[in-house]
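Notes follow once the structure below has been shown.
The values are calculated or read from the model by the stated rules, or taken from the named source; none is laboratory data. Computed from a predicted model, the values in this text were never measured in an experiment. Positions of Cβ are generated from backbone atoms using ideal geometry, with glycine treated the same way; all protein chains shown enter the neighbour counts. Protein only, heavy atoms only, side chains kept; ligands, DNA and RNA dropped before computing areas. Shrake-Rupley method; radii C 1.70, N 1.55, O 1.52, S 1.80 Å.
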Amino acid sequence: MQIVRTIAELRAARRALGELAFVPTMGNLHAGHVSLVRLARSHAKHVAASIFVNRLQFAPSEDFDSYPRTFEADCAKLRAEGVELLFAPDERVLYPQPQAYIVEPPPIASELEGAFRPRFFHGVATVVLKLFNCVQPEFAVFGKKDYQQLMIVRNMVAQLDLPLAVVPGDTVREADGLAMSSRNTYLSAAERAEAPRLHAELRAISDAVRGGRADYEALGEQALGRLREAGWKPDYVSVRRRADLAAAGAGDAELVVLAAAKIGATRLIDNLEIAPPA
Ligand code: PAF
């Protein structure tokens, strides 16, 4: 695996490869990332990844400084998956001067995650566009775990006519249902034991909708209440339309339920696509 640190090195290395599938990451790779790399491999002969903890998507109060950085272990995982090219730029490479040109995402970016992490998607969309410009992949793989991110990146690619296809990757879960996330490492043993409750709440809502309930707001409110009772600080539990993440209404068929909640100091997000009633 060739590790490149500058855009010039990246461009030279990329030119030597043909059709390329790209997996952007912030490192601290786990089985979820590995599954994205494998998905990338099924779309193109060559696979590239990036590791870059993007300051632009962290609020000053968030965990940019403490975000787990595990570069050597990450490289070993990527090498084991046969990734040919890793772009791992320093901040000064991607942001040699303060980034003044910022992607303005559509209003949906201010709901759900955006309501609790203002300007998060401005930071994500901006770095993803820069990474696409640098790597110039034919395919880019994004996990459904970050469902709203996936939707916003997809729409950006479509509306800005970027010459690549966005490939969604399924969420990988622990045996007890907890979605894999780099931030799971922050959980204490007691919090880790409690953490699968978030997924369980999503399943309960999915089951209720499949059973015929369409009072989506009430379902969300009830889940929020149960999470609070169990000691969580939930931000949202919301049933949305898959295509645009607008609030779900009567007659919408393709639904997803999304949630974010804090357990202790750790904020977890998760979602579940609601299968149509059998
Ligand atoms: O999902 C992530 O890890 C990040 O948001 C991404 C897409 C690598 C952009 O920094």
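A few points about this structure:
- Calculated from backbone phi, Karplus (6.51, -1.76, 1.60) coupling profile of the stretch 186-202 in Hz, x at Gly/Pro: 6, 6, 6, 4, 5, 5, 4, 5, 7, 4, x, 4, 4, 5, 4, 5, 5
- Karplus-derived 3J(HN,Hα) values for the stretch 219-235, using 6.51 cos²θ - 1.76 cosθ + 1.60 with θ = phi - 60°, are 4, x, 4, 4, 5, 4, x, 5, 5, 4, 4, 8, x, 7, 10, x, 8 Hz; glycine and proline are entered as x.
- For peptides 223-229, 31-37, 90-96, 20-26, sequence by mean Cβ density within 10 Å, most packed first: 20-26, 31-37, 223-229, 90-96
- Each residue was assigned an accessible area with a 1.4 Å probe, and for Lys145 the value is about 30 Å².
- Percent of Cα pairs exceeding the 20 Å cut-off, where the set is the stretch 206-272: 28 percent
- Relative to the globular-protein estimate of 2.2 N^0.38 Å, the Cα radius of gyration of the stretch 62-196 stands at 1.16.
- Projected area, mean over directions - the chain, Cα convex hull, nm²: 14.8 nm²
- Given charges at Cβ of Lys, Arg, Asp, Glu: the chain dipole, positive-most of Ala250, Pro234, Leu272: Leu272
- Relative contact order, percent, the chain [alpha-carbon distance under 8 Å, six or more residues apart]: 17 percent
- The peptide list 118-129, 204-215, put in order of mean Cβ contacts within 10 Å with the highest first, becomes 118-129, 204-215.
- Alpha-carbon Debye profile of the stretch 56-117, log10 I(q)/I(0) at 0.23, 0.24, 0.26, 0.29 Å⁻¹: -1.08, -1.09, -1.12, -1.20
- Solvent-free Debye calculation, one equal scatterer per alpha-carbon of the stretch 15-72: log10 I(q)/I(0) at 0.16, 0.17, 0.22, 0.29 Å⁻¹ equals -0.60, -0.65, -0.89, -1.15.
- Out of every Cα-Cα pair that the stretch 4-135 contains, those further apart than 23 angstrom amount to 36 percent.
- Dipole size of the chain about its Cα centre, with +1 on Lys/Arg Cβ and -1 on Asp/Glu Cβ: approximately 480 debye, rounded to the nearest 20.
- Residue-wise HN-Hα couplings along the stretch 103-114, as the Karplus relation 6.51 cos²θ - 1.76 cosθ + 1.60 with θ = phi - 60° gives them from phi, are 6, 9, x, x, x, 4, 5, 9, 9, 6, 4, x Hz; Gly and Pro carry x.
- With DNA, RNA and ligands ignored, accessible area of Arg241 (1.4 Å probe; Å², nearest 10): 80 Å²
- Distances between every pair of Cα atoms in the stretch 83-127, grouped in 10 Å steps from 0 to the bin holding the largest one, split as 24, 38, 28, 9 percent.
- Principal-axis tilt of helix 147-159 within the chain, Cα atoms, nearest 10 degrees: 50 degrees
- Beta bridge orientation in the chain: antiparallel %, DSSP, nearest 5: 50 percent
- Whole-angstrom Cα spans of the stretch 125-238 along principal axes, big to small: 47, 36, 23
- Rounded to whole Å, sorted largest first: equivalent-ellipsoid semi-axes of the stretch 127-171, Cα gyration tensor: 17, 11, 9
- Residue (of Ser110, Ser181, Tyr147) at the positive-pole extreme of the chain, dipole from beta-carbon charges: Ser181
- Computed on the stretch 129-236, with alpha-carbon pairs under 8 angstrom and 6+ residues apart, the relative contact order is 18 percent.
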